[in-house]
Each structure stands twice: as structure tokens, then as C-alpha cells.
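Worksheet for the structure shown next.
Where a number appears in this text, it was derived from the coordinates with a stated rule and is not lab data. Quick caveat: nothing in here was measured; it's all calculated off a predicted structure. For neighbour counting, all protein chains shown are included, and Cβ atoms are generated from backbone atoms with ideal geometry for every residue, glycine included.
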């Protein structure tokens, strides 16, 4: 269930970046587009880093559990 929610949030962040770029373009055609992409990239980048940490830590726990079972 947690994995499913993380994937949904990843897609929502991609959509947010696109929406911010579009809103920036409508508000101020040149500067707004750049600002929308930068703000979206910062917010999206923050989320994708947290998402990556979650996936890597989950994978590490799974590997440690397998290793522990093999040792026993």
C-alpha cells in the first residue's frame, strides 16, 4: 500500500511541475515560464529525493532480512 501511495505522489509531482510551468506562462509569458519550471523543479526535486530515500531504505531492509534468513 505504501509503495502505491509513493508512486501516486510521484505522478502528482510531475503533474504539479507541468501545471506550475503552464501557470507561469499564463501569468508572465517569459519570466513566468522560467520561474514556474524552477519552482516546480525545486519542489519536485525535493519530493523525488525523499521518494528515492524511501525506496532505497525499503530495499535495504528487504536485503538485510534475506541475509538474516540465510545466516539462520
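Applying the set (1) surrounded by 17 or more Cβ atoms within 10 Å (Cβ to Cβ); (2) touching a residue at least 12 places away in the same chain (Cβ under 8 Å); (3) farther than 21 Å from residue 55 by Cβ to residue 44 leaves exactly one unmet item: (3).
Among the residues of the range 1-15, the one identified as free of Cβ contacts under 8 Å to residues at least 40 places away in the same chain and touching a helix residue (DSSP H, G or I) at 6+ places or on another chain (Cβ under 6 Å) is 13. The numbered conditions (1) exposed (fewer than 12 other Cβ atoms within 10 Å of the Cβ); (2) in a helix (DSSP H, G or I); (3) more than 15 Å from the chain's Cα centre (by Cα) are all true for residue 8 except (3).
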